[in-house]
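Working notes, structure below.
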Amino acid sequence: MIRSMTGYGRGVARAGAHDVTVEIRSVNHRFFEFSARVPRGYGYLEERLKKQIGTRVSRGKVEVNVAISAAEGGVRVDLNEELVHGYVQALRSLCDPLMLRDDLSLSSVARLPEVFSVRRSEEDEEAVWQEVLPAAEEALERFTAMREQEGARLEADMLDKLDTLEKHVAFVEERSPETVRLYRERLYQKMKELLENRAVDEQRILLEAGLYADRVAVDEETVRLRSHFEQFKQFLSSPEAVGRRLDFLVQEINRETNTIGSKAQDAPVAGVVVEMKSEIEKIREQIQNIE
């Protein structure tokens, strides 16, 4: 099944000690690139998320955002009493020498550096992961569904363009014998004109004209193109990630089409080749979105 490299999914889990929200989004990339934003103190989740998502994604730049509510009683605030007493004594010792009014208040003391220390209570990493996992799975399912839906659209579009290419190849195949015949006749007449006043073997002229005419035949190229088209369709139905293979195959299709264009001695065939190259380029652009 074809999957797009672009997708988004969101999952929420409200169970246990935390409320968890996981968001996954991705854009095109040549390889699998992963990054995550997790709350401070939960850095150990990043590698687990990467491993989980890596089982479903082989290409694309994936970004994950995790939001975790604080557990009830999970944060402890401690007062540094010794430091507070030191601050107060030091400030009041300035009052008389500098003739300042003693206007110390609770709010002014609370704003002094390091009066309070905030500590997160120790949490079991495995337990936290089990709470995050349902949200991550939900996000991944929705993310994958969106990529598959977009992939189905891309597949339909490429099959439509492939059908157009097959019709163009059929035209080239139908036109090719006539193209070769006309080329042979033109070449034969030209050779007769050049050798008009010389004694030459008529059969030799026909043979040479035939040999040169074979150079404009495109039978081998059209056969290879049809083979590439069939292989392309097989890749589209593959359960594996085939973006790179499709990219290589479309290069081969383009190469065979260029060869037909270089051999073409016929205006209608040359026009069809231009149309084929346009369709191939559109397919190539779509492949850049495929995993």
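The values are calculated or read from the model by the stated rules, or taken from the named source; none is laboratory data. Just so you know, these numbers come straight off a predicted model, no measurement behind them. Glycine gets a Cβ as well: all are built from the backbone with ideal geometry, and neighbour counts include every protein chain shown.
For this structure, a couple of remarks:
- Pairs where the first residue, in region 254-268, is over 12 Å from SER176 (Cα atoms) and the second is of a type in the set (S, T, N, Q), C-beta under 9 Å, 6+ apart: GLU256/THR222
- Unmet requirement for THR164, which otherwise passes all of (1) of a type in the set (Val, Ile, Thr); (2) crowded, with 17+ Cβ neighbours inside 10 Å; (3) modelled with pLDDT of 75 or more: (2)
- Exclusive hit being assigned by TED's automatic domain parsing to the domain that holds ASP266 and β-branched (Val, Ile, Thr), set VAL169, VAL88, VAL128, VAL109: VAL169
- Among the residues of region 252-280, the one identified as of a type in the set (Gly, Ala, Ser) and crowded, with 19+ Cβ neighbours inside 10 Å is ALA264.
- Scan of region 113-171 for residues that are hydroxyl-bearing (Ser, Thr, Tyr) and over 22 Å from VAL57 (Cα atoms), ordered by number: SER117, SER121, THR164
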